[in-house]
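S.K.: First, the structure itself, so that you have it in front of you.
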Amino acid sequence: MKTKNRLMILFFSTLVILFVIIYVFPNVTGALKKTEIIQYGSIQVTDHVTAYLVRNETVFFANKAGSIHYNVKEGEMVRKGVKILDITSGVQGEEESQYGKITDRISRFNGGESIFSDDLKQIKVQIAKLETRQSEALSEGEIEQAERFGQQIERLNQKRDYIQATDSAAKEEIVQHNQTINSTMGVIPQDYISRTSGVISYYVDGYESEFTPENMALLSRDKVESLNIEVQNLAREITQPKEPLYKVVDNKFWYAVFWVAPENIMKYEKGKTATINLPLGPVEGKIYDIVDAGDEFLVILEFNRYYEEFAQIRKIEADVITSDYKGLTIKNESITTKDGRPGVYVKDKSGQYVFKPVKIITSDGEWSLAEVSYFYTDNGATKVDTVNIYDEILKNPK
């Protein structure tokens, strides 16, 4: 009987000890409270987009059949006067060209067809913008730039005339006229000496005369998304007459365009810096323009930095970073309020948890970024001590 009583006493004593360890001791010492260490980090504001790269580029075609001998590699920068390749005669007969689709596209677009909006008002606005830029270039003595704007204006006027044509006969007449004027968009040279400086690329898709700086603000999402864009590598041993050989790309400025929903457009501000993450790394540029496209917005990024594959890519899935904030990263579950002020509970040297106010820079829904060491109240009158890197804070404060 005594043994049984001893066992009962021992059992209940054990329960009391366990109760104290589990429920009382942690609340007194804070030993089992979950905490986290504040770290320095960043939060990026991003959008995942389908982007289309836009460039000033000219495609060059073969003036005869023969064997090709290349002097310039893919992506190589050349100066005016450099010979790109040679063609040695000797190929017998003519096989059906495998580049017929590309040649046909260039011809149709040079003739007047377009993948941008048929809104004549939009075209008129874009022409007016280019005329303003042309005048500015002339006033600053930038003759070459002014001539480029003049060519862009002429091409948009041609597109406008094509759209306004009322019957097929009128359109055909315009096509013939435009193709003569726009022959520089698909050049058949006497030799293959570069007329301008630029990057040489052997990758073409036939849309080189449509995805251009003068057209990009007019691009129609429906038309662009319906395109079957196939980039072809033109590098080969032999050629037939009038087949595409290479293109020269202006690398001073190039662009990426994409469409953004109205609820996300506040992330973008004309003139501000933005970064696009491409397969070979991020490229920093600026927000060149934001165009109201009805139920969404067309965003245009401008770049003046070299990217190895910029002349090859037309369509790509990418992340665009519009803001990159730095500060102390704190999980939102650790942030509470006291007297209407946001803050966290920081463990002090005595093991007690003390409330420290925080100033939130930004948040992505899961993490917040806070100011370091101190901040000033909104009116700038009061300096407030706040959290520091490596502070130990309480998770889920109640």
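Please treat every number below as a calculation from the coordinates, not as lab data. Since the structure is predicted, the reported quantities are computational estimates derived from the model, not experimental observations. Every residue, glycine among them, receives a Cβ derived from its backbone with ideal geometry; neighbour counts consider all protein chains shown.
S.K.: If I stretch the segment between Asp378 and Glu225 completely, what's the gain in nm (0.36 nm per residue apart, minus their alpha carbon distance), one decimal? Provide the component values of the computation, followed by the final result.
M.R.: Working: separation 153, 0.36 × 153 = 55.08 nm, distance 4.64 nm.
50.4 nm is the gain from fully extending Asp378 to Glu225.
S.K.: Hey, rough spin-label estimate for Arg195 and Ala261, points 7 angstrom out along Cα→Cβ, what's it come to in nanometres?
M.R.: So the two model labels end up 4.6 nm from each other.
S.K.: Could I ask something else about it? Taking the Cα of Glu284, stepping 7 Å toward and past its beta carbon, and measuring to each backbone N in the stretch 248-270: which are under 14 Å?
M.R.: None, by backbone N distance to the label point.
S.K.: Find how much the distance from Tyr306 to Asn277 grows on full extension, using 0.36 nm per residue of separation minus their present alpha carbon separation; answer in nm with one decimal. Numbers along the way, then the final one.
M.R.: On the way: separation 29, 0.36 × 29 = 10.44 nm, distance 1.37 nm.
The span from Tyr306 to Asn277 would gain 9.1 nm if fully extended.
S.K.: Follow-up. Debye calculation, C-alpha points only, no solvent: report log10 I(q)/I(0) for the stretch 237-284 at q = 0.14, 0.18, 0.28 Å⁻¹, in the same order as the q values.
M.R.: -0.63, -0.81, -1.22
S.K.: Please turn the phi angles of the stretch 73-82 into ³J(HN,Hα) values with the Karplus equation 6.51 cos²θ - 1.76 cosθ + 1.60 (θ = phi - 60°), one per residue in order, whole Hz, x for glycine and proline.
M.R.: With coefficients 6.51, -1.76 and 1.60, one gets 8, 4, x, 7, 7, 10, 9, 4, x, 7 Hz.
S.K.: Further question on the same structure: Within the stretch 373-390, list the residues whose amide N lies under 16 Å from a label point set 7 Å along Cα→Cβ of Arg341.
M.R.: 373-388
S.K.: Per the Cauchy relation, a quarter of the hull surface: what is the mean projected area of the convex hull of the alpha carbons in the stretch 284-347, in nm²? Write down the numbers at each step before the final one.
M.R.: Values: hull surface 36.6 nm².
If you wrap the Cα atoms of the stretch 284-347 in a convex hull and average its projections, you get 9.2 nm².
S.K.: In angstroms, what radius of gyration and Dmax does the stretch 245-398 have, counting Cα atoms only?
M.R.: When restricted to Cα atoms, the stretch 245-398 yields Rg and Dmax of 21.7, 76 Å.
S.K.: Among 301-312, 34-45, how do they line up by average Cβ neighbours within 10 Å per residue, starting with the highest?
M.R.: Numbers: 301-312: 17.4, 34-45: 14.0.
By packing density, highest mean first, the sequence is 301-312, 34-45.
S.K.: Please work out the FRET efficiency for the pair His69 and Asp295, using the Cβ-Cβ distance as r and a Förster radius of 41 Å; give the result to the nearest 0.05. Write out the running numbers ahead of the final one.
M.R.: Details: r = 52 Å, r/R0 = 1.28.
E between His69 and Asp295, to the nearest 0.05, is 0.20.
S.K.: Which entries in Lys101/Lys315; Lys349/Lys383; Lys272/Lys383; Lys286/Lys326; Lys129/Lys247; Lys73/Lys223 show an alpha-carbon gap greater than 25 Å? Show your work: numbers first, answer last.
M.R.: Numbers: Lys101/Lys315 18 Å; Lys349/Lys383 23 Å; Lys272/Lys383 30 Å; Lys286/Lys326 20 Å; Lys129/Lys247 28 Å; Lys73/Lys223 33 Å.
Correct reply: Lys272/Lys383; Lys129/Lys247; Lys73/Lys223.
S.K.: Find how much the distance from Tyr40 to Asp119 grows on full extension, using 0.36 nm per residue of separation minus their present alpha carbon separation; answer in nm with one decimal. Mind showing how you got there, number by number?
M.R.: Values: separation 79, 0.36 × 79 = 28.44 nm, distance 4.99 nm.
Residue separation times 0.36 nm, minus the Cα-Cα distance, leaves 23.4 nm.
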